[in-house]
Structures are given as structure tokens and as C-alpha cells.
Amino acid sequence: QVQLVESGGGLVQPGGSLRLSCAASGFTFSLYDMSWYRQAPGKERELVASITSTLIRAGGATAYQDSVKGRFTISRDNAKNTVYLKMISLKPEDTAVYYCNARYRGTSAGGYWGQGTQVTVSS
């Protein structure tokens, strides 16, 4: 049974930081490209960051949405079957539900989704 379980969301003041985690099970994690998406109220879900599959414990090529470059860092630990999103210098416009996605390496659509974790940036 495939599961993606996100955690680490919460309420943070502007300029603050959070680290999201996504724990995966039920599939061969190292063979999957992992991504973080977010969806703000009234908006479509958008890709925030992605990291390619890798057969070593950590690493993989990363990519970011322009609005988060320099503030967000995606990483993975294949030994723990977990992908992370470190977020610093958070802004109110980062407020959204953040979702973890897993796609078999090289595929461009579909895959598995987590249930999401709420991030609220507000003073």
C-alpha cells in the first residue's frame, strides 16, 4: 500500500522558517522523482520544487519555482524514504496546503500524492 505522509506545517510569522517532511512507503523510493506542490485558496495547484531519483542515499538534481529560489531547499534521504522541503524567509504569499508527489523516474504526470500539510504565514 502506497503512502505519502506530510508533516511539519504550521503557523509561522513572515520571515520565519519551517521544514516539511514527506515519509514514503509502499514503493521503491530511490527510483522515484519527488516533488512538492502547493495550493492556495482559490488557486490551482502549482509545482514548488522537485528532486530526481538517485540510487545513492542523498542527492539528485533539483529544480525550483522562480518565486522560491534561494529560500526553499528540497532534499531527500533514501535511507529514511523521506523527502524534505526547507523553507526560510517565508512570506504571506507562501501560505498554502503543501503536497508531496512521487513519480516513477522520467515520467511527467500522475504518480502518488500525500494528503497535504497546511502552511500559514501570518503575523
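Worth a mention:
- Residues within the stretch 84-123 that are part of a loop (DSSP other than H, G, I, E, B) and among the polar types (S, T, N, Q), tallied: 7
- Subset of the stretch 86-115 that is among the aromatic types (F, W, Y) and under 15 Å from V48 (Cβ atoms) - its residue that is surrounded by the most Cβ atoms within 10 Å (Cβ to Cβ): Y98
- Residue in the stretch 17-25 that is at positive phi, modelled with pLDDT of 95 or more, of a type outside the set (D, E) and over 13 Å from the mean Cα position of the chain (by Cα) present: no
- Taken together, A24, A96, A61, A79 contain a single residue that is closer than 13 Å to V121 by Cβ and hydrophobic (A, V, I, L, M, F, W, C), which is A96.
- Taking first residues from the stretch 17-41 that are farther than 13 Å from Y84 by Cα and without any contact (Cβ under 8 Å) to a residue 60 or more places away in the chain and partners that are acidic (D, E) and surrounded by fewer than 19 Cβ atoms within 10 Å (Cβ to Cβ), the Cβ contacts under 8 Å between residues at least 6 apart in sequence or on separate chains come to A40/E93.
- Filtering the stretch 44-74 to residues that are of a type in the set (K, R) and under 19 Å from L90 (Cα atoms) leaves R45, K69, R71.
- In the set R57, R71, R76, only one residue is at pLDDT below 95 and of a type in the set (D, E, K, R); that residue is R57.
The values are calculated or read from the model by the stated rules, or taken from the named source; none is laboratory data. In this text the structure is predicted, and so the values were computed from the model without any measurement. For neighbour counting, all protein chains shown are included, and Cβ atoms are generated from backbone atoms with ideal geometry for every residue, glycine included.
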